[in-house]
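To start, the structure under review is shown below, and the notes come after it.
The values are calculated or read from the model by the stated rules, or taken from the named source; none is laboratory data. Worth saying up front: this structure is predicted, and the values here are computed from it rather than measured. Every residue, glycine as well, gets a Cβ built from its backbone with ideal geometry; the counts of neighbours run over all protein chains shown. To get the accessible areas, we keep the full protein, side chains included, count just its heavy atoms, and leave off ligands, DNA and RNA. Shrake-Rupley method; radii C 1.70, N 1.55, O 1.52, S 1.80 Å.
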Amino acid sequence: MGKHSERWIAWLMAAMDGYVDEETRAKILEKCGRQCQSENFIKKARKIYEKSENIEEFLDQFRQVYKNLHREGDKVYIIYPKCYCPNVNKIPLGKLSATYCNCSRGWAKALFEGALGRPVEVIMEKSIVKGDEQCKFRVVL
């Protein structure tokens, strides 16, 4: 992605932060993130789920395919050591609103809802864009 496009995305996020309430911003970016999710990846996750005897087995098996999936006790997380989004990962820290990270929430929701066939919640706990050392999303199944 070019510098102009990166600046444009940063300006768009700044404008949204200034003119749109937080809940609406989150919904808009979540919807965008759902569009980035691959149907093939959802199908792969769904097949693993259908072959699993329970959610625990699914998570263990899916972890073999999706290395960013982690478990801490009874909690399920998606953890990224860096920003993988090709649209914004070259934008310098501090130049992009963390509002954008709701896109990743939507990506994760689409994945798990598609796999499990039911709604899930995804909570952004940490974000590299906000200055955290990693991105960490809790998946509430």
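What the table shows:
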read-out	value
Contact order relative to length of the chain, as percent, for alpha carbon pairs under 8 angstrom and 6 or more apart	32
Probe 1.4 Å, protein heavy atoms only - accessible area per residue of the range 14-141 in square angstrom	57
Residues of the range 100-141 with amide N under 18 Å of the 7 Å Cα→Cβ point at Q35	100-111
222 nm mean residue ellipticity, helices alone, for the chain (DSSP H n ≥ 4; -39,500 (n - 2.57); rounded to 500)	-16500 deg cm²/dmol
Loop GluC sites (Glu not before Pro), the range 1-69, which have at most 14 other Cβ atoms in a 10 Å radius of their Cβ (DSSP)	E53
Sparse-neighbour loop sites [trypsin sites (Lys or Arg not before Pro); the range 40-118; at most 11 other C-beta within 10 Å; DSSP]	K67, K82
Distance between the range 25-75 and the range 88-141 - C-alpha centres, whole angstrom	13
Simple label model, 7 Å out from Cα along Cβ direction - Y84 to L141, nm	1.9
Two-site label geometry, K44 and E72: point separation in nm, points 7 Å out along Cα→Cβ	2.6
Convex hull volume of the range 1-138 per residue (C-alpha atoms, cubic angstrom)	108
Rounded if a/c under 1.5, otherwise prolate or oblate - the range 1-55, Cα gyration tensor axes	oblate
Residue order for H70, H4 - accessible surface, 1.4 angstrom probe, largest first	H4, H70
Dipole magnitude of the chain about its Cα centre (Cβ charges: Lys, Arg +1; Asp, Glu -1), debye to nearest 20	540
